[in-house]
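Enquirer: Quick one: this structure, given as structure tokens, is what I'll be asking you about.
The values are calculated or read from the model by the stated rules, or taken from the named source; none is laboratory data. Values in this document were obtained by computation on a predicted structure and should not be read as measured data. Cβ sites come from the backbone with ideal geometry, for glycine too, and all protein chains shown count toward neighbours. Remember, those area values only see protein heavy atoms, side chains included, never the ligands or the DNA or RNA. Shrake-Rupley method; radii C 1.70, N 1.55, O 1.52, S 1.80 Å.
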Amino acid sequence: GCVLVVSVIEQLAQWHNSTVKAAVERLCNYIPGKYQIIRHMLCCIDREMNADVVCHSLKLCKQDPGQPLCHLYPPPKVSWFCTFLKATDCGRSFQLELNSMETFSKSFMGFSSVCAFPLLANLCEKIKYVIRNKLPFEDFDGDKFSTFPTLRGYHWRGRDCNDKNTTVYPGRRPDNWDVKSDSNCNGIWGVDPKDGIPYEEKFCKGADSQGVVLLGDSAGAHFHIPPEWMTVTQMSAKSFANLPMAFTDEFDWPQFSEITGFLNSTIGGWTDSLYLRLRRRNRCNHRDLQNISQNGITYFSINIAAYLSYSLARNQLLDNPAIVIYATIGNDVCNGNHDTLAHMTTPKEMLSNVMQALRYLDSRLPNGSHVILTGLVDGRFLWDNLHDRYHPLGQLNRDITYSQLYSFLDCLQVSPCSGWLTPNETLRNLTSERALQLSNVLKEIARSEKFANFDIFYMDFPLRQTAEEWRKMGGEPWQLIEPVDGFHPSQIAAALGTSITWQKALHEWPQVLGKENPFNDQIEAIFKDQGGH
């Protein structure tokens, strides 16, 4: 974190030909008020020192005994300490610098965590709650749906239309055909004055209404760090306008995602999702979505039944069926450990835990539901298409490639995927081999297992088809990868993946998608005429 922030400040000073102090002020003015924690961090930066030197000098980065010295930039030719002091005689100002450093270190170490800052402490507690429970922080009636967008609110699940009534929420079957009120939040309620028939009964009865639920990892949650946050040539106050929202959504953007996206993308590309297509197919499906994804999750490492019992909102007797997408496309083989192969999920663990999850789903999902198991991605695509390109942080001076970034993160043991983000081709191949083994476990489950309340299908993660489609549109493969982390699918990849998945479902398992509602146009017309009802 220190290296990234200091790099941005030094580049801002370079780009605007200003002092470091002026660059700090500029960056602080860009960032919304209570997030301006970097003011506490910066006192001793100089444009001629690279960020590694600064952060090690400030003791915010350290080298553990027996561990390599982790650095993003090439090490200086003279000693790091002399570089920091920048004096002809290294000892001349030693005591002065040492005193100021000691004072700074003491003042900063109390803020070694972002969440230690008083203005952010309360917000961090809220975020810890929602990460722990995967439930909306603001949910007054406890039905697992919210009227608040972030903190696992309606960016993640359909928006509640009455947060004071636990029997009103998206996805339920209508109460008495919603004659008097909208019990399922799809905007359709009341009685047609022409014939006395409730609108829900007229338009939605027998329409195969169903919701969509995603059980996923950070790719499903749609992790994204805006590149303009660290590209000084594009940086302005506008760049950070979405920081509060991103922070309270765990730096995920489920509202634009491949499965549950419903808002027009503001992070590039366009939004196309399984939910939007199901909604277009049947307007009665409005708001029936749940994105139960978590950054870094591997389902073999948790009690999946307990996890789902906390977070899944589906009543087997009262609610509509659902399409459940089970998609942990990488984290079962991805970790930041140096002995990464030893920490990957084994086929035996995968079988046990997926079956545990499916048995639990069978006890909770309404009859007529569907489950789609998605195979793991072949992550060799990442290194092949990014390793020699410049990272956003390295574009100004052409000095940081993705290969350097991957090595830096791997050295710190915080790599999102040591097995794929590595120059070691053998290790990349072994990681893909394990991913294929785990995908084959899912494929065999879909082929051989039967459940009472849902049918089950398998599909490969459509990376190859997505890349081919993007090439036909004139794009480059690297544009399908998130530019800042160099790991997750981009907004373009998410939108194209939706189209490919939908076409596969139409041709191979059309029963999953339900039939097209012939009343969609009438529903929309009435919806607009009545101001939203």
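Enquirer: Might you check whether a residue that is crowded, with 24+ Cβ neighbours inside 10 Å, touching a His at 6+ places or on another chain (Cβ under 6 Å) and modelled with pLDDT of 95 or more occurs anywhere in the range 191-199? Don't jump to the end; show me each part of the working.
Expert: Start the filter on the range 191-199 by keeping residues that are crowded, with 24+ Cβ neighbours inside 10 Å, which leaves 199.
Still in the running and touching a His at 6+ places or on another chain (Cβ under 6 Å): none.
No: the range 191-199 contains no residue that is crowded, with 24+ Cβ neighbours inside 10 Å, touching a His at 6+ places or on another chain (Cβ under 6 Å) and modelled with pLDDT of 95 or more.
Enquirer: Just checking, does the range 335-346 include any residue being in contact with a Gly (Cβ under 9 Å, 6 or more places away or on another chain), closer than 22 Å to residue 274 by Cα and not in a loop (DSSP other than H, G, I, E, B)?
Expert: For the range 335-346, residues in contact with a Gly (Cβ under 9 Å, 6 or more places away or on another chain), closer than 22 Å to residue 274 by Cα and not in a loop (DSSP other than H, G, I, E, B): absent.
Enquirer: In addition: Identify, please: which residue in the range 200-223 is without any contact (Cβ under 8 Å) to a residue 60 or more places away in the chain and not in a helix (DSSP H, G or I) and is, among those, most open to solvent (accessible area, probe 1.4 Å)?
Expert: Ranking the candidates gives 205 first.
Enquirer: Hey, another quick one. Output the residues belonging to the range 156-182 that are of a type in the set (Phe, Trp, Tyr) and touching a Phe, Trp or Tyr at 6+ places or on another chain (Cβ under 6 Å). Give the derivation first.
Expert: Taking the range 156-182 as the starting set, the residues that turn out to be of a type in the set (Phe, Trp, Tyr) are 156, 169, 177.
Of everything in the range 156-182, just one residue is of a type in the set (Phe, Trp, Tyr) and touching a Phe, Trp or Tyr at 6+ places or on another chain (Cβ under 6 Å), namely 169.
Enquirer: Has the range 38-45 got any residue that is of a type outside the set (S, T, N, Q), at pLDDT 90 or above and open to solvent by less than 60 Å² (accessible area, probe 1.4 Å)?
Expert: no
Enquirer: Also, I was wondering about something else. Scan 318, 308, 365 and give me the residue that is more than 30 Å from residue 66 (Cα to Cα) and either in contact with a helix residue (DSSP H, G or I) (Cβ under 6 Å, 6 or more places away or on another chain) or modelled with pLDDT under 95 (or both).
Expert: The conditions single out 308.
Enquirer: Something else: Does residue 259 satisfy the criteria of being in contact (Cβ under 8 Å) with a residue 12 or more places away in the chain, crowded, with 21+ Cβ neighbours inside 10 Å and either among the hydrophobic types (A, V, I, L, M, F, W, C) or outside any loop (DSSP other than H, G, I, E, B) (or both)?
Expert: Spelling it out, residue 259 is indeed in contact (Cβ under 8 Å) with a residue 12 or more places away in the chain, crowded, with 21+ Cβ neighbours inside 10 Å and either among the hydrophobic types (A, V, I, L, M, F, W, C) or outside any loop (DSSP other than H, G, I, E, B) (or both).
Enquirer: Answer yes or no as to whether residue 177 is open to solvent by 70 Å² or more (accessible area, probe 1.4 Å) and touching a strand residue (DSSP E or B) at 6+ places or on another chain (Cβ under 7 Å).
Expert: yes
Table: residues versus (1) touching a Ser or Thr at 6+ places or on another chain (Cβ under 9 Å); (2) open to solvent by less than 10 Å² (accessible area, probe 1.4 Å); (3) farther than 22 Å from residue 459 by Cα.
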residue: 473; (1), (2), (3): no, no, yes
residue: 488; (1), (2), (3): yes, no, no
residue: 497; (1), (2), (3): yes, yes, no
residue: 501; (1), (2), (3): yes, no, no
residue: 506; (1), (2), (3): no, no, no
residue: 510; (1), (2), (3): no, no, no
residue: 518; (1), (2), (3): no, no, yes
